[in-house]
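Structure record follows, encoded as structure tokens.
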């Protein structure tokens, strides 16, 4: 389907790729791996046709299309979210426009003219194209992808510029997924996704109809999706017939074979060199000596990738804290009218290793900032336990670095004791190698500054760590170093992250934050939490079906039998003993549903207006599309009205 032939890219004497060739077949699921700077993103851009190759070629069949998502995709547009994502279907929208123009011409054309016959043929052809493009399901497709990536119904009419950088990346990803290119090229697509969106994307990509090439530092994500691994190293491409875990095991086996082959080659070369030295000045052996010299010149040396030093990082010692590390009591936190937490209560004890999860915007970063003592709140109390030393990291910490200092100076000023002798090795684990440690902070990229801020935070003695997305700019090796250090850390920590492979072996609790300020704690790691959530959903679905059946049965019985005083008394007791619902959460959801109902009613009214027009009867194909949309809009409105009724009943009770 797509073939890369003899690709070469070099910068002076440094080769990113040297004569690299490979093919991408239909339905391939490929993980592209390699150390930082190996050229993974460059290779994707060449395949996508964004950058030209210096040497070699990328050949693909005429029907093959490629789609590329860069790491920091930004959508620059003044359109609403829905209209911007709809623009991904440019070809379908063009067909609709051409069809509309043809209908308008047909309406005024003479029925007996040749033009009328030609217009009918054009309309028939355009309608056929419309059906092939599945144009009637356009709206449904757009909403499915946007909701899967975490957007709400209300977001559909928001201006694209109103969304932050992480949401901008989701918009770009939504457009790319909806275009459905033959080859999907994704460069770190999970960086700005929460766990729910990540799970949705995983399932979507598993069922994707084309080929996928994926760069990611999320091991669990790679293992779940990929079935092949392309490894870039020393300018060469090695292909492995399995996912990332398979690649790691197979790589060790292959390296042993290469090392043995290199040793054999060196031994043979030594023997040949000894022969040359021994008989160099013997006339009778001159021809054989010359033959051996030529033989040596033709040998292609076997290279082995340098083994990176094993780096083990240990947190500096800090005095242990008391049993209770922190208490958050009756915290009320709001940004203007947006109430994030109402009467939040949470206790953190020594030895807790907590992963904070939840959809974007639920308040994960807010609770970590409140715990760190850097985010003010309107009421409530934050109580630190005995001898607690808090250390906090978030992406914005990079802005607080001293831009005039060098990388090495920055960490040296916080390091204490023996660890100062290993600072360069530790910086190496955070991808600052060689002379990089002497760079000024002001010349570093955003990702480099974040890594430096993380290294600085980890070198300061503390017994309570709070980290907000610490792995976003780390490669696999750096994450392993941090993960091993956290395993041995004898304090307490809170980590906001969606990286399951990183979290699973280091956390013992999962704190789930819901969008309306609710919190729940699950014992276990993130994978166990996900399984628990799946079981909960399944149980809820089964209970809902049972409740519906019982409700109908009771309704039929209760219509005939009056309620006795004793039954009324029992009901009152149950009602009075029932735990009080969080009225704030119910009211917030009720307001949200009312807004969604207003949008849905307006949408339905617009469709009814279209169905009442003359055009509706004239153009059956267009009428079919409008009818499909109307059915979907009615179904959505009915579901919202049903939810609104239930919420009203709960509030009354």
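The values are calculated or read from the model by the stated rules, or taken from the named source; none is laboratory data. Computed from a predicted structure; not experimentally measured. Please note: Cβ atoms are built from the backbone with ideal geometry, for glycine as well, and neighbour counts cover all protein chains shown.
Some points to look at:
- Residue 183 vs. criteria touching a residue at least 24 places away in the same chain (Cβ under 8 Å) and closer than 30 Å to residue 43 by Cα: yes
- Qualifying position, being over 55 Å from the mean Cα position of the chain (by Cα) and farther than 26 Å from residue 465 by Cβ, among 293, 259: 293
- Residue satisfying condition, being closer than 30 Å to residue 34 by Cβ, outside the structural domain of residue 332 (by TED's automatic domain parsing) and touching a helix residue (DSSP H, G or I) at 6+ places or on another chain (Cβ under 8 Å), within set 506, 530, 495: 530
- Total residues in the range 43-58 satisfying the condition of being in a loop (DSSP other than H, G, I, E, B) and in contact with a strand residue (DSSP E or B) (Cβ under 8 Å, 6 or more places away or on another chain): the figure is 5.
- Selection within the range 134-143 - buried (at least 16 other Cβ atoms within 10 Å of the Cβ) and at pLDDT below 75: 135, 136
One line per residue, one yes/no per condition, for (1) assigned by TED's automatic domain parsing to the domain that holds residue 475; (2) in contact with a helix residue (DSSP H, G or I) (Cβ under 8 Å, 6 or more places away or on another chain); (3) surrounded by fewer than 18 Cβ atoms within 10 Å (Cβ to Cβ):
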residue	(1), (2), (3)
9	no, yes, no
25	no, no, yes
30	no, no, no
53	no, yes, no
59	no, no, yes
67	no, yes, no
74	no, yes, yes
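- Residue within the range 447-465 that is in contact (Cβ under 8 Å) with a residue 60 or more places away in the chain, buried (at least 19 other Cβ atoms within 10 Å of the Cβ) and farther than 23 Å from residue 366 by Cα present: yes
- Filtered by the rule that a residue be at negative phi and more than 31 Å from the chain's Cα centre (by Cα), the range 411-433 gives 412, 413, 414, 415, 416, 418, 419, 420, 421, 422, 423, 424.
- When residues in the range 59-73 are screened for being touching a residue at least 24 places away in the same chain (Cβ under 8 Å) and in a loop (DSSP other than H, G, I, E, B), 8 of them pass.
Matching residues to (1) exposed (fewer than 11 other Cβ atoms within 10 Å of the Cβ); (2) at pLDDT 85 or above:
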residue: 255; (1), (2): no, no
residue: 267; (1), (2): yes, yes
residue: 273; (1), (2): no, yes
residue: 279; (1), (2): no, no
residue: 284; (1), (2): yes, no
residue: 290; (1), (2): no, yes
residue: 300; (1), (2): yes, no
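- Every residue from the range 434-449 that is touching a helix residue (DSSP H, G or I) at 6+ places or on another chain (Cβ under 7 Å), assigned to a helix (DSSP H, G or I) and farther than 20 Å from residue 479 by Cα: 438, 441
- Residue count, the range 1-42 (criterion: touching a strand residue (DSSP E or B) at 6+ places or on another chain (Cβ under 8 Å), modelled with pLDDT under 80 and not in a strand (DSSP E or B)): 2
- Count of residues meeting criterion [touching a residue at least 12 places away in the same chain (Cβ under 8 Å) and either outside any helix (DSSP H, G or I) or within 26 Å of residue 212 (Cβ to Cβ) (or both)] in the range 83-114: 8
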